[in-house]
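Enquirer: Below is the structure I would like to discuss, written out as structure tokens.
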Amino acid sequence: LEDRNLPKLSVNRYKEIFKFPVVDYYKEAGFDFNKEPFEIPAKQYMDLYHAGEHTTKLFPDAIKTLTCLKENSYYQIVLSAMEDGNLKKMIRNAGIADFFNGIFGIKDDFAREKVSLGKQLIKDLNLNPSECLMIGDTLHDAEVAEQCGFGCILFQKLFSFFTKAIFPSSFSQPY
């Protein structure tokens, strides 16, 4: 933002405008893609992100939760708007790859959407959407879950504006 003489975003403003596809978020933040293509600031962001990703930490109970799910034979996959190779590397580096039956990211670094990937996984993995629970941290995750027919739990430490469970009427709730 600073390089383009755009105002810095407060945390509240960031929370208010963040969305997927991220190109829409960039527009809300003031980027003018008539002056430069979206791919330029997106690449700059990803370069900064990758430079700092080694400092990313898991939530405190992540290992305990993943262990419990695995020990109880839950089929666990990762579906992310992160580029597939980078996603797999980050999950391996965090030491949690062995908890998952599959790790699936998108084909590029531009976080356009992941609904189509979710629908493809339903077909490829022969999943029953009403038996799937998506745990996510953005409203896009809720949109993906809704469009794929999954139940959804949203949470995020940064946003801290919701911890919410959303279940479609067809979802097989485990309780």
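Enquirer: So which residues in the range 72-99 are of a type outside the set (A, V, I, L, M) and not in a loop (DSSP other than H, G, I, E, B)? Write out each step before concluding.
Expert: Going residue by residue through the range 72-99, those that are of a type outside the set (A, V, I, L, M) are 72-76, 80, 83-86, 88-89, 92-93, 95, 98-99.
The answer is Ser80, Glu83, Asp84, Gly85, Asn86, Lys88, Lys89, Arg92, Asn93, Asp98, Phe99.
Enquirer: Check Asp32, Asp24 and return the single one that is in a helix (DSSP H, G or I) and free of Cβ contacts under 8 Å to residues at least 40 places away in the same chain. Show your work before the answer.
Expert: Details: Asp32 fails: in a helix (DSSP H, G or I).
Within the list Asp32, Asp24, the selection yields Asp24.
Enquirer: Go through (1) out of contact with any Gly (no Cβ under 6 Å at 6 or more places or on another chain); (2) open to solvent by less than 40 Å² (accessible area, probe 1.4 Å); (3) at pLDDT below 90 and name the single condition Gly102 misses.
Expert: Every condition holds for Gly102 apart from (3).
Enquirer: Identify all residues within the range 125-139 that are assigned to a strand (DSSP E or B) and either of a type outside the set (A, V, I, L, M) or under 9 Å from Gly151 (Cβ atoms) (or both); write none if there are none. Steps first, answer last, please.
Expert: So in the range 125-139, the residues assigned to a strand (DSSP E or B) come out as 133-136.
Within the range 125-139, Leu133, Met134, Gly136 meet the criteria.
Enquirer: Just the residues that are exposed (fewer than 13 other Cβ atoms within 10 Å of the Cβ) and among the hydrophobic types (A, V, I, L, M, F, W, C), please, taken from the range 50-68.
Expert: Answer for the range 50-68, where residues must be exposed (fewer than 13 other Cβ atoms within 10 Å of the Cβ) and among the hydrophobic types (A, V, I, L, M, F, W, C): Ala51, Leu58, Phe59, Cys68.
Enquirer: Among the residues of the range 109-121, what is the count of those that are farther than 24 Å from Leu58 by Cα and either in a loop (DSSP other than H, G, I, E, B) or open to solvent by 30 Å² or more (accessible area, probe 1.4 Å) (or both)? So that I can check it myself, show each step before the final result.
Expert: Within the range 109-121, the subset farther than 24 Å from Leu58 by Cα is 112, 115-117, 119-121.
Cutting the leftovers down to either in a loop (DSSP other than H, G, I, E, B) or open to solvent by 30 Å² or more (accessible area, probe 1.4 Å) (or both) gives us 112, 116-117, 119-120.
Looking only at that region, the number is 5.
The values are calculated or read from the model by the stated rules, or taken from the named source; none is laboratory data. Every value quoted in this text rests on a predicted model; they were computed, and no experiment measured them. Reconstructed Cβ throughout: ideal geometry from the backbone, glycine too, with neighbour counts over all protein chains shown. When the accessible area is computed, the model is the full protein with side chains, heavy atoms only, and any ligands, DNA or RNA have been set aside. Shrake-Rupley method; radii C 1.70, N 1.55, O 1.52, S 1.80 Å.
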